[in-house]
Amino acid sequence: FLRVTQVSMRFVLVFLLVLLAPALGVDCNNFNASKIKLITFDVFAALMDLETSLNANVMAAVPSLGEHMAKTLVNDWVNSYAAYAGHAFDHTETRGLQPFVFTNQDSLAKIIYKRNLQGKIPVNGTVFNQLLKAWGHLSPWPHTSEVIQHLALTHKIAPLSNGDADTLKTATSVFPKAMDYIFSSNWPVGAYKPNKRMYEQVLQVGYSAEEILHVAGASIDGRGAREAGLFSALLHNPPVPGLQPCFVFPDITGLKKVFP
């Protein structure tokens, strides 16, 4: 009985290793910077100072809100966005809209009603629609443009972010080098990171996992990329428990140590 049990357990362990091997993906110990051809970036956390930018955009669009209420609205909005982390959408849920377009509209409308701001920001009105566009007009963190320009000399560069393709294209247009690809939450992906569907689309443009580095700004994104089988670097935040990013830097200039 003991021998049978040992054999059975050995078989189960081997089976699990074989089953999990593809999911484990690349090993950070095997990272080779010279093999990396595509570097993807989260936009709203890694590249852009989201909250500061949104605060400025909201105040510019609705100065009568005042600084305190503008910050409250932005805080509510960013938290609502974050609450969808990992979510997989369906067309019925989003009423046929792209996921990011839906969540941004729905969250902003609910915040306006919650904070009793209908008088200053009528839902679906001109100011409401102006605010929705604010996510495409963000200020990069310091040194971001410089580092993007440096990396683009030798690598393909692309956003891999939860925004819709149009918003990401507009947001990244502030950089001197146009993005080579846009990896968004648009259909048919229909999900937000760290859902694996977001990362899997990167493997569909001709690069292997060993040739891709994803640069995250949110801790769950740094872990999510690793869980999806990619190399990852994490900026601005400490890692969370679980599969760890290959690199952790306080800001984007750390990437120049990897790619001098």
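With the condition being crowded, with 23+ Cβ neighbours inside 10 Å and either touching a Phe, Trp or Tyr at 6+ places or on another chain (Cβ under 7 Å) or not hydroxyl-bearing (Ser, Thr, Tyr) (or both), I'd like the strands (runs of 3 or more DSSP E) fully within region 153-260 carrying at least 3 qualifying residues. Talk me through it step by step, then tell me what you get.
Values: elements: 156-159, 212-216, 231-235, 247-249.
Counting at least 3 such residues, we get 212-216, 231-235.
When you scan region 67-108, how many residues do you find that are open to solvent by 30 Å² or more (accessible area, probe 1.4 Å), of a type in the set (A, V, I, L, M, F, W, C), free of Cβ contacts under 8 Å to residues at least 60 places away in the same chain and under 16 Å from residue 189 (Cα atoms)?
1
For residues in region 46-55 being buried (at least 24 other Cβ atoms within 10 Å of the Cβ) and part of a helix (DSSP H, G or I), which is farthest from the chain's Cα centre (by Cα)? Lay out the reasoning, then the answer.
As a first pass, look at region 46-55 and keep what is buried (at least 24 other Cβ atoms within 10 Å of the Cβ): 46-48, 54.
Still in the running and part of a helix (DSSP H, G or I): 46-47, 54.
Numbers: 46: 8, 47: 10, 54: 17 Å.
The extreme case among them is 54.
Condition first: over 14 Å from residue 247 (Cα atoms) and in contact with a Gly (Cβ under 6 Å, 6 or more places away or on another chain). Now tell me which residues in region 193-224 satisfy that.
Selection gives 193, 194, 195, 209.
If you check every pair at least six apart or on different chains, which have Cβ atoms under 8 Å apart with a residue in region 112-131 that is without any contact (Cβ under 8 Å) to a residue 24 or more places away in the chain and in a loop (DSSP other than H, G, I, E, B) first and a residue that is open to solvent by 100 Å² or more (accessible area, probe 1.4 Å) and not basic (Lys, Arg) second?
123/113
The values are calculated or read from the model by the stated rules, or taken from the named source; none is laboratory data. From a predicted model like this one, the values you see are computed outputs, not experimental measurements. So basically every Cβ, Gly included, is an ideal-geometry build from the backbone, and we count neighbours across all protein chains shown. These accessible areas exclude ligands, DNA and RNA; they are computed on the full protein's heavy atoms, side chains included. Shrake-Rupley method; radii C 1.70, N 1.55, O 1.52, S 1.80 Å.
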